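Have a look at the structure below before the remarks.
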Amino acid sequence: MVLGQEQAQRYARHFVLKEIGVSGQKKLLQSSVLVIGAGALGSAAIIYLAAAGVGTIGIADYDEVEISNLQRQVIHKTERTGMKKTASAELTIRELNPDINVRLHDEKVTTDNITDIISMYDFVIDGTDRFETKFLINDACVLAEIPYSHAGVVRFEGQAMTYVPKKGPCLRCLLGSVPPPQETLTCSQAGVLGAVTGIVGSVQALEAIKYLLGTGNLLTGRVFTIDGLDMVSKVTTIPHSDPDCAVCGTEPSILSLKDNKEEYEIKSCTI
């Protein structure tokens, strides 16, 4: 793979990083990442993945841009209200970096299609806002042995972790199962500050880039949390998978997404 003159200029700051260099940039350009959810977390993740030159970016979302999204979903614009979020995100990517191959999955991820969709990518970013969907993504990635970044934000607080097959705990190891609706807050009830979603979504993009390059210390077996109001962040170590985990434990009970279909039905909203 030979980089052109414009690419040499675009990625010049990457070339001087010994962890990336020209060879690393070529690796990024030949890699693929799927972002599920072109909302708040997805906005930051997609923008930085595109800027970094991740060659193929997939975007899965079935919603349309609304004015109320723009307080935090910075990949969209006022004049795109009513447009599909996937199409709006693609426009921003094209304006930012013409190197990128964009794949749009303008549909809701379900037990019927998620395995086929994620199988096309090297890494998955969960930018969704519902626990049910987050557990669906987790279980699908664990079963398919595909690495992914989980994250969530509510009010001024956010968290992120990275699952790498057979190298650390998954989301279900930490939380067990989808919390009941009475234990969760909707975005309209709790609110969310857009800048915090930008921080956490950028962390997800960073995790994807590090994984693709094979460099750095991932948030595998570790959970990053940030309280944006008090500006306090920490990383908590959870080095081992739960042996009783229903999907990645020693005797898993979830062997197929369809066997666990009822748990993925939408009941709540978290951000």
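The values are calculated or read from the model by the stated rules, or taken from the named source; none is laboratory data. None of these values were measured; they are calculated from a predicted model. For neighbour counting, all protein chains shown are included, and Cβ atoms are generated from backbone atoms with ideal geometry for every residue, glycine included. Note: areas computed on protein heavy atoms with side chains; ligands, DNA, RNA excluded. Shrake-Rupley method; radii C 1.70, N 1.55, O 1.52, S 1.80 Å.
Contact order, relative form, for the chain: 21 percent (alpha carbon pairs under 8 Å, 6 or more residues apart, mean separation divided by residue count). Here the 3J(HN,Hα) profile of segment 244-256, calculated from phi with Karplus coefficients 6.51, -1.76 and 1.60 at θ = phi - 60°, is 9, 4, 5, 10, 10, x, 5, 10, x, 9, 9, 10, 8 Hz, Gly and Pro shown as x.
Whole-Hz Karplus values for segment 223-236 come out as 10, 8, 10, 9, 10, x, 5, 9, 6, 10, 10, 7, 10, 9 Hz, taken residue by residue from phi with 6.51 cos²θ - 1.76 cosθ + 1.60 and θ = phi - 60°; glycine and proline positions read x. Quantify, in whole percent, the carbon and sulfur part of the accessible surface of segment 20-264 (1.4 Å probe; protein heavy atoms only). With neighbouring chains kept in place, the figure for segment 20-264 is 52 percent. Rounded to the nearest 20 debye, the dipole magnitude of segment 20-264 is 720 debye, with +1 charges on Lys and Arg beta carbons, -1 on Asp and Glu beta carbons, and the Cα centre as origin. Close amide H partners of Met83, meaning residues 5 or more places away or on another chain with modelled amide H under 5 Å apart, are Val65.
What residue among Leu213, Leu104, Leu229 shows peak mean-square fluctuation when the chain is described by a Gaussian network model with Cα springs under 10 Å? Maximum fluctuation in the GNM of the chain, among the listed residues, is at Leu229. In whole angstrom, note down how far apart the Cα centers of segment 92-157 and segment 191-258 are. If we compute the Cα centre of each part, the gap is 14 Å. Just checking the listed ones, Val22, Val164, Val154: in the Gaussian network model of the chain with Cα springs under 10 Å, the one fluctuating most is Val22. Take every DSSP beta bridge whose two residues both sit in the chain; close to 50 percent of them are antiparallel. Rolling a 1.4 Å probe over the protein heavy atoms leaves Thr92 with an accessible area of roughly 20 Å². For the cross-link pairs Lys108/Lys261; Lys210/Lys261; Lys166/Lys258; Lys77/Lys258, the ones whose C-alpha atoms lie over 26 Å apart are Lys210/Lys261; Lys77/Lys258.
For the peptides 33-46, 134-147, the ranking by packing is 33-46, 134-147, with the highest mean count of neighbouring Cβ atoms within 10 Å listed first.
In the assembled protein chains, Lys26 presents an accessible area of approximately 60 Å² (probe radius 1.4 Å). Within the assembled protein chains, the solvent-accessible surface assigned to Tyr211 is about 80 Å², based on a 1.4 Å probe. Placing unit charges on the Cβ atoms of the charged side chains and taking the dipole of the chain about its Cα centre, the candidate lying farthest along the positive direction among Ser31, Thr162, Asn260 is Ser31. Taking Rg and Dmax of the Cα atoms in Å straight from the coordinates, which label in (i) 17.9, 56; (ii) 34.9, 122; (iii) 18.7, 61 is the correct one? Recomputing Rg and Dmax of the Cα atoms in Å here picks out (i). Per residue, the chain exposes 46 Å² of solvent-accessible protein surface, assessed with a 1.4 angstrom probe and all protein chains in place.
The phi-based Karplus calculation (6.51 cos²θ - 1.76 cosθ + 1.60; θ = phi - 60°) puts the 3J(HN,Hα) values of segment 102-116 at 9, 10, 9, 10, 7, 7, 7, 6, 9, 4, 7, 10, 5, 5, 5 Hz, whole numbers, x for Gly and Pro.
Amide H to amide H, with H built 1.01 Å from N, Gly58 comes under 5 Å of Val33, Leu34, Val35, Arg103, counting only residues 5 or more places away or on other chains.
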